[in-house]
1. On a 0 to 90° scale, report how tilted helix 64-78 is relative to the longest principal axis of the chain, with both axes built from alpha carbons and the result rounded to the nearest 10.
2. GluC sites (Glu not before Pro), restricted to the stretch 10-54: which are DSSP loop and have at most 11 other Cβ atoms within 10 Å?
3. Counting other Cβ atoms within 10 Å of each Cβ, which trypsin sites (Lys or Arg not before Pro) in the stretch 1-108 have at most 13 and sit in a DSSP loop?
4. Rounding to the nearest 10 and keeping the result within 0 to 90°, find how far the Cα-based axis of helix 182-191 lies from the longest principal axis of the chain.
5. Against the longest alpha carbon principal axis of the chain, how many degrees, from 0 to 90 and to the nearest 10, is the axis of helix 37-58 turned?
6. So if each residue of separation counts as 0.36 nm, and I subtract the Cα-Cα distance between residue 150 and residue 162, what length gain in nm does that give?
7. With the chain treated as a Gaussian network of Cα nodes joined by springs under 10 Å, which of 160, 144, 133 yields the largest mean-square fluctuation?
8. Which Rg and Dmax, in Å, describe the Cα atoms of the chain?
Amino acid sequence: MPITTCVFDAYGTLFDVAAAAREAAKEPAFAAIAETWPQLAEHWRLKQLQYSWLRAVTGAHDDFWQVTQEGLDWSLEKLGVADDPALRERLLALYWELQAFAEVPAMLRALKDGGLNTAILSNGSPAMLDGAVKSAGISDLLDVSLSVESVGVFKPHASVYDLVGQHYGCAKDEVLFVSSNGWDAAAATGYGFTTAWVNRGGDPVDRLPWKPAHQLRELSGIPALAGL
């Protein structure tokens, strides 16, 4: 069956999650992370994901903003800058202003011009996703942002992927699911979606029972994968 619906993970896929640390590091007030911001960004993202998995496994769900703050607090302590509340406040504020990767607007426009559905499916809370979409200026290029908050469990739980079919009434094989997280793309493959892993860092494929159907280094090739 042809692809009718393109669904994107948000953070790291459409939105550059390293931007918060990178932008803060440019400001004179936060010279303490001028050299270490890449490590901060990496630790923050990894802990954010690890905490979401642990909450999913244990049933201790909380919204993604809480998890995001917890991941940042661990990372600041790891780098020895946990005693700077102004830095913490600035990093969290910048997280609400993340920009899309450069190729995102044109890619989404091509999908919409081709008559395809476009959506976000994310761990992010509705408020976080709304802020990111508006900040990036891509509201008119997306039909909907589907959040895990409606099912109360983080990815890769199958009930999260169910949200796509529930919203669009489409079959699994009509969906192209795109994520920068190899584990997310792999789990979505196991669920039944056609998948594309945006492997910007050139990382190895995760050792899981499933593999992404496609690998890309950035998003401009998505319209072609969708049949346009």
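The values are calculated or read from the model by the stated rules, or taken from the named source; none is laboratory data. What you are looking at is a predicted structure, and each value in this text was computed from that prediction instead of being measured. As a convention, Cβ positions derive from the backbone with ideal geometry for all residues, glycine included, and neighbour counts pool all protein chains shown. Ligands, DNA and RNA are excluded from the accessible area calculation, which covers all protein heavy atoms including side chains. Shrake-Rupley method; radii C 1.70, N 1.55, O 1.52, S 1.80 Å.
1. Roughly 40 degrees between the two axes.
2. Numbers: sites: 23, 35, 42; in loops: 35.
Answer by residue number: 35.
3. On the way: sites: 22, 26, 45, 47, 55, 78, 88, 90; in loops: 26.
Counting only loop positions with at most 13 other Cβ atoms within 10 Å, the trypsin sites (Lys or Arg not before Pro) in the stretch 1-108 are 26.
4. Result, in degrees: 30.
5. Roughly 60 degrees between the two axes.
6. Numbers: separation 12, 0.36 × 12 = 4.32 nm, distance 1.11 nm.
Working it through step by step, the gained length comes to 3.2 nm.
7. 144
8. 17.3, 55
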